[in-house]
1. Return a yes/no flag: does the range 159-166 have any residue that is closer than 20 Å to TYR236 by Cβ and crowded, with 19+ Cβ neighbours inside 10 Å.
2. For residues in the range 46-74 being assigned to a helix (DSSP H, G or I) and modelled with pLDDT under 95, which is surrounded by the most Cβ atoms within 10 Å (Cβ to Cβ)?
3. Among residues belonging to the range 184-216 that are at pLDDT below 95 and among the polar types (S, T, N, Q), point out the one that is surrounded by the fewest Cβ atoms within 10 Å (Cβ to Cβ).
4. Mind checking which helices (runs of 4 or more DSSP H) fall wholly inside the range 194-292 and carry at least 1 residues that are more than 24 Å from LEU73 (Cβ to Cβ), touching a residue at least 24 places away in the same chain (Cβ under 8 Å) and not assigned by TED's automatic domain parsing to the domain that holds PHE81?
5. When you scan the range 90-189 for strands (runs of 3 or more DSSP E) that lie fully inside it, which ones turn up with 2 or more residues that are within 24 Å of the chain's Cα centre (by Cα)?
6. Among the listed residues SER127, SER137, which satisfies the condition of being surrounded by fewer than 14 Cβ atoms within 10 Å (Cβ to Cβ) and out of contact with any helix residue (DSSP H, G or I) (no Cβ under 7 Å at 6 or more places or on another chain)?
7. Would you confirm whether any residue within the range 200-207 is within 19 Å of THR109 (Cα to Cα) and within 21 Å of the chain's Cα centre (by Cα)?
Amino acid sequence: MRKFLATILEKLTEKVRGKETPVAILVENEEVIREEHKEVEPIPPQPKKLSKDKLPKKKTEIAPYVSNPARDLMEIMEVPFLALSKNRKSPILYESSDGARKVKVTRHTGHFLASIYDWDVILFVASKMQKILNDMSDIPPRSMVVPRHELLKAIHRSNGKKTDADLEKTLSRLQLTGIETTIRNEDCKYKAGFGFLDSWRYTERKEIKEIEITLSQWLYDGVCAKGSLLKVNPSYFKLTSGLKRFLYRTARKHAGKDSWEFSIKKLYEKSGSEQEFKKFKSDLKSAVLANDIPEYSIEWIEKDGKQSVFFRRSTLHELDILAEEFEKKQ
């Protein structure tokens, strides 16, 4: 009996050992295989998933431009309606070579002419109107109520008491600057001396500052006309030079997605600059050589004793667009 039990125990022990040994070998082999695998093709660490509210935010991202880029009116980009400086008093007088297009812009007593910097407000309002037209939800009203903080954020201006005062002066200049033109006014449909704005005012809401802005009929009709607006690069608002802003708007209007060339004299006429031609030419050359406007590369050309500026859509900008689209898909 003891012998029998001993034999059974021995066989059981052998079976156990027989099973354990291969297991140990398999585990050992598995570990070796894993170690070899790690050396050949390491397993990358899995990134820790973050909740939406903990995702890092891009510091340079400005919401209004992601979904609703600013828009400029091509008619205003074509001929001089705006002062390139913030303190211009002398009127802007322009007539095309064929005499078909005439523009006269004058200031109101006690105010400067509306400038290319003041125009930022119109770019924002036009973008709101364009969105309504794109959505085909309704015809945009001539009077738009916009939150003050949204407006300031969209045109890259800081908040503060000085900003409030500057914004009010901007709106007043846009309202009080007088315009006489034959553009869309050949039959004198619009009375002489209209401004960019008919009126502006703060609303009576207490919990948030809102501004009601009413475009003049002439400007409103231009904004609502089909195909009249062009998108504006957000970096445009970072340009502090009025001349560089003029160069960007000229490139955006004429070069588009290709290229264009203008003589220095033609650019002088289109700018409406109050500088003497010699000073304008010097400042223009400096701005062109800096070559730092958004979307386009600009080049100073001298050939046969004549100077011109060549505008070309920037390849780097195209790469930036592709990179942004790739990031969005990730």
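The values are calculated or read from the model by the stated rules, or taken from the named source; none is laboratory data. Every value quoted in this text rests on a predicted model; they were computed, and no experiment measured them. Quick reminder, even Gly has a Cβ in these numbers, built from the backbone with ideal geometry, and neighbours come from all protein chains shown.
1. No, the range 159-166 contains no residue that is closer than 20 Å to TYR236 by Cβ and crowded, with 19+ Cβ neighbours inside 10 Å.
2. TYR65
3. Residue satisfying both the conditions and the ranking: THR203.
4. Per the criteria, 264-271, 277-290.
5. 143-147
6. Going through SER127, SER137 in turn, the sole match is SER137.
7. Within the range 200-207, none of the residues are within 19 Å of THR109 (Cα to Cα) and within 21 Å of the chain's Cα centre (by Cα).
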